[in-house]
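Report on one structure; see the data block that follows.
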Amino acid sequence: MQSQSGLRLVESLVIAAIGGYVFSLVNVPLPWVLGALTFVMVWQGITDRKAFVPIAVSNGGFIVLGIYFGLYFTTETFQTVAPYILPYIFITFILIAACIFFGLIVTKWIDVDQVTSVFSLIPGGLSEMAIASESLGAKVSLVVIFQTIRLIAVLFTIPPVMTFIFSGDAQAGVGQVVNEVSSGGMWSYLWFILPVAVAVLIRHKIPAGIIIGALGVTALLNVSPAELAQIPSPLMNAAQVAVGAGLGKNILFKDLKIGGKYCLIYFVIAMLVISVSFGLGYMLAQFTVLNNATAILAIAPGGFFEMVLTAYNIGGDPAIVSALQLVRILLIVMVVPSFLKWWFTRGSRRSVTAVRGEG
């Protein structure tokens, strides 16, 4: 049984690696992630074989990427981000309000309840939104499907669009930051035991904890006197393949068919939300010293890791995107579900109050 699982894992990772390599040959943005995701997803659909990518494998990829991006943090990063936290929070609330508005307004024309529709569009973690929506009686299966559609829209539009617009700045931005990373020999790799341990400990305690834990601890080490080693490029690519394969195995054609005609509708709405986020990111850049690429990716409604990786590829500042995307995730997880619960139950509370008043 173990040998069968091992063969399925090798098969899945080979398919993913081929996808990453093919996408890199044709210069697709985020090739090792999107190529792995696409090939695994299509391979499952064509062969009707479920890919086998254990959570430990994709988590390992996330940890490597978290450490890699943590190396971008410097003292100047924290000094740059601090003054813009409040404007960023304000703009994030505008983005969330737009998601809620689109989610509510579309239910006037389609047969999807408001709770399900709104939670399908909130740019938080898929699992977190599914769990939160279940407590309010939403159709969790549809939330998962439409959140998957949102993820696909983000992955296959934001990186290509941002690369097309800002590709001229990519080489200079990436090279400059990477050269600043210290290399202290083989012993310097021992420091990475700390971020790995923290990432594993908090992986279930906060959204995206596996990558945020690794990134946060590495960032703190990087601004300390500790000398940290560089992450080799082949390991970086392997980590992206592992993450892409893990994402791809969760996107099944049969699940998308369940959503039927509504999948296209929620794809279009996701594109509208992305367009709004681009405008808000441009606005943030005008009121801060952040460049347009960094500001837009900081507010973009994508996954934490995907937006940081895009920043790395196009010459944005991955450290600042990481810090601000983390603020967005925490805001959404801590504030949005409670607000939506209040919003959707306010009518029932009024009814209860009225009945008590009559009594």
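The values are calculated or read from the model by the stated rules, or taken from the named source; none is laboratory data. This one's a predicted model, so the numbers in the text were calculated from it and none came from an experiment. We place every Cβ from the backbone using ideal geometry, glycine too, and count neighbours over all the protein chains shown.
Among the residues of region 287-324, how many are polar (S, T, N, Q), touching a residue at least 40 places away in the same chain (Cβ under 8 Å) and within 21 Å of VAL28 (Cα to Cα)?
Residues meeting the conditions: 2.
Read through the list (1) without any contact (Cβ under 8 Å) to a residue 24 or more places away in the chain; (2) crowded, with 21+ Cβ neighbours inside 10 Å, then give the number of the only condition that THR92 fails.
THR92 satisfies all of (1) without any contact (Cβ under 8 Å) to a residue 24 or more places away in the chain; (2) crowded, with 21+ Cβ neighbours inside 10 Å except (1).
Within region 70-113, how many residues are touching a helix residue (DSSP H, G or I) at 6+ places or on another chain (Cβ under 8 Å), in a helix (DSSP H, G or I) and closer than 23 Å to ILE152 by Cβ?
Total satisfying the criteria: 10.
For region 215-287, which fully contained helices (runs of 4 or more DSSP H) count at least 2 residues that are surrounded by 15 or more Cβ atoms within 10 Å (Cβ to Cβ) and under 17 Å from the mean Cα position of the chain (by Cα)?
Answer list for region 215-287: 233-248, 262-287.
Looking at MET129 and the list (1) at pLDDT below 85; (2) outside any helix (DSSP H, G or I), which single condition is not satisfied?
Unmet for MET129, out of (1) at pLDDT below 85; (2) outside any helix (DSSP H, G or I): (2).
Would you confirm whether any residue within region 99-117 is buried (at least 24 other Cβ atoms within 10 Å of the Cβ) and in contact with a Pro (Cβ under 7 Å, 6 or more places away or on another chain)?
yes
Evaluate the following for GLY315: is it at pLDDT below 85 and within 19 Å of the chain's Cα centre (by Cα)?
Against the criterion (at pLDDT below 85 and within 19 Å of the chain's Cα centre (by Cα)), GLY315 qualifies.
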